[in-house]
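Asks: Sharing a structure, written as structure tokens. Questions coming.
The values are calculated or read from the model by the stated rules, or taken from the named source; none is laboratory data. None of the values given here were measured: they were computed from a predicted structure. Neighbour counts run over all protein chains shown; Cβ positions are idealised from the backbone, glycine included.
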Amino acid sequence: MYEKALQSSGLSPKQAVVYEACLKLVAANAPEIARLAGLKRTTVYGLIDELMALGLVSRATKGNRYFFSIQNPGVLRDLLDQKKSSLERVLPSLQELFFSAHTRPEVQFFEGRIGVKRIFEDTLFCRSKKICQVVRVQDFIEVVGAQYCANYIRRRAERGVAARAIHPQSGDRYDGVYGENSERFKRHVRYLPPEMFSPAMLLLYDCKVAMIATAAENFGFIIESKEFFTLLSAWFEFLWLQGSREPERS
């Protein structure tokens, strides 16, 4: 009855069968447990030893015979908590190993409005929870549409992804949703002279560099390269230090 639930807690299929048999018998010897579990007695002895090592079963002696009893099932929760804690301790190292092995130079090409939206969607799942971008707001709106832009900004903030943006100092859009510093939308902005901006948008996140053309060319690409990302990140930081904190409003 409970075998699948017990297996999901970390027990093997046979461990789960023996555990449930012990639970039903309250206190029993190995032959009794073996009969109810439908397993060989020699197999059951080994499984009981495993369950005892996990703290799920206890042993008592009566005369010259051993009897086995289930510990409070709450121990299962403690066991899961221990496994979770152990996993959380090693998870950063496992992720670092995974990404170091899988982060090889790779280029993905996207066409059309739907394709470009896929680039923005990819940024929502960045591991670092940080995006650096160089963009004219008005170009952003023209490429994917005002409704998508506003929705994307809201979802980015809801997912805890912060943005550092470099925008033109004048001639762009500056309001509560776009182009300004915003705690609500987790956005910090610096402004540079408009003549320094190219028609394309630049997004930097994790080890990815995304470039998005304007609506006229309507395409974009993502380059996943640690070296290329490091190079452009240094360039972004230099521009950030040169930028002003307020736009020039007309």
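Asks: Considering only the stretch 174-185, state which residues are of a type in the set (D, E, K, R) and out of contact with any strand residue (DSSP E or B) (no Cβ under 9 Å at 6 or more places or on another chain). It would help to see each step written out before you state the result.
Replies: Of the residues in the stretch 174-185, the ones of a type in the set (D, E, K, R) are 175, 180, 183-184.
Residues satisfying the conditions are D175, E183, R184.
Asks: For the stretch 1-45, name all the residues that are among the acidic types (D, E) and either touching a Pro at 6+ places or on another chain (Cβ under 9 Å) or in contact (Cβ under 8 Å) with a residue 40 or more places away in the chain (or both).
Replies: Selection gives E3 alone.
Asks: Could you check how many residues of the stretch 25-45 are surrounded by fewer than 13 Cβ atoms within 10 Å (Cβ to Cβ), at pLDDT 80 or above and not polar (S, T, N, Q)?
Replies: Qualifying residue count for the region: 3.
Asks: Of the conditions (1) in contact (Cβ under 8 Å) with a residue 40 or more places away in the chain; (2) loosely packed, with under 15 Cβ neighbours inside 10 Å; (3) in contact with a helix residue (DSSP H, G or I) (Cβ under 9 Å, 6 or more places away or on another chain); (4) farther than 20 Å from R245 by Cα, S128 clears all except one; give me its number.
Replies: Answer for S128: the failing condition is (3).
Asks: Taking C149, is it under 26 Å from A216 (Cα atoms) and either in contact with a Leu (Cβ under 8 Å, 6 or more places away or on another chain) or of a type in the set (V, I, T) (or both)?
Replies: no
Asks: Report yes if some residue within the stretch 170-193 is over 21 Å from Q138 (Cα atoms), assigned by TED's automatic domain parsing to the domain that holds F110 and touching a helix residue (DSSP H, G or I) at 6+ places or on another chain (Cβ under 7 Å); otherwise report no.
Replies: No: zero hits.
Asks: For the subset of the stretch 133-148 comprising residues that are assigned to a helix (DSSP H, G or I) and touching a strand residue (DSSP E or B) at 6+ places or on another chain (Cβ under 7 Å), which member is surrounded by the most Cβ atoms within 10 Å (Cβ to Cβ)? Spell out the reasoning first.
Replies: Step one: filter the stretch 133-148 for residues assigned to a helix (DSSP H, G or I), giving 137-144, 146-148.
After this cut, where a residue has to be touching a strand residue (DSSP E or B) at 6+ places or on another chain (Cβ under 7 Å) as well, the list is 137, 139-140, 143.
Details: V137: 21, D139: 20, F140: 27, V143: 25.
Applying the filter and picking the extreme gives F140.
Asks: On to the next question. Given the conditions (1) crowded, with 19+ Cβ neighbours inside 10 Å; (2) touching a residue at least 60 places away in the same chain (Cβ under 8 Å); (3) assigned to a loop (DSSP other than H, G, I, E, B), which single one is not true for Y178?
Replies: Going through (1) crowded, with 19+ Cβ neighbours inside 10 Å; (2) touching a residue at least 60 places away in the same chain (Cβ under 8 Å); (3) assigned to a loop (DSSP other than H, G, I, E, B) one by one, Y178 breaks only (2).
Asks: Out of the stretch 1-43, which residues are of a type in the set (D, E) and out of contact with any helix residue (DSSP H, G or I) (no Cβ under 7 Å at 6 or more places or on another chain)?
Replies: Listed by number, the list is empty, since nothing qualifies.
Asks: Could you tell me which numbered condition R156 fails, if it satisfies all but one of (1) assigned to a strand (DSSP E or B); (2) crowded, with 20+ Cβ neighbours inside 10 Å?
Replies: (1)
Asks: Could you tell me whether I114 is at pLDDT 90 or above and surrounded by fewer than 10 Cβ atoms within 10 Å (Cβ to Cβ)?
Replies: So I114 passes the test.
Asks: Turning to a different aspect of this structure: Select, from R164, R184, the only residue that is outside any helix (DSSP H, G or I), out of contact with any Phe, Trp or Tyr (no Cβ under 9 Å at 6 or more places or on another chain) and either more than 16 Å from C132 (Cα to Cα) or not small (G, A, S) (or both).
Replies: Going through R164, R184 in turn, the sole match is R184.
Asks: Quickly run through the stretch 220-250 and pick out the residues that are touching a helix residue (DSSP H, G or I) at 6+ places or on another chain (Cβ under 7 Å) and over 20 Å from V161 (Cα atoms).
Replies: Here is the first cut: in the stretch 220-250, the residues touching a helix residue (DSSP H, G or I) at 6+ places or on another chain (Cβ under 7 Å) are 220, 222.
Across the stretch 220-250, the qualifying residue is only G220.
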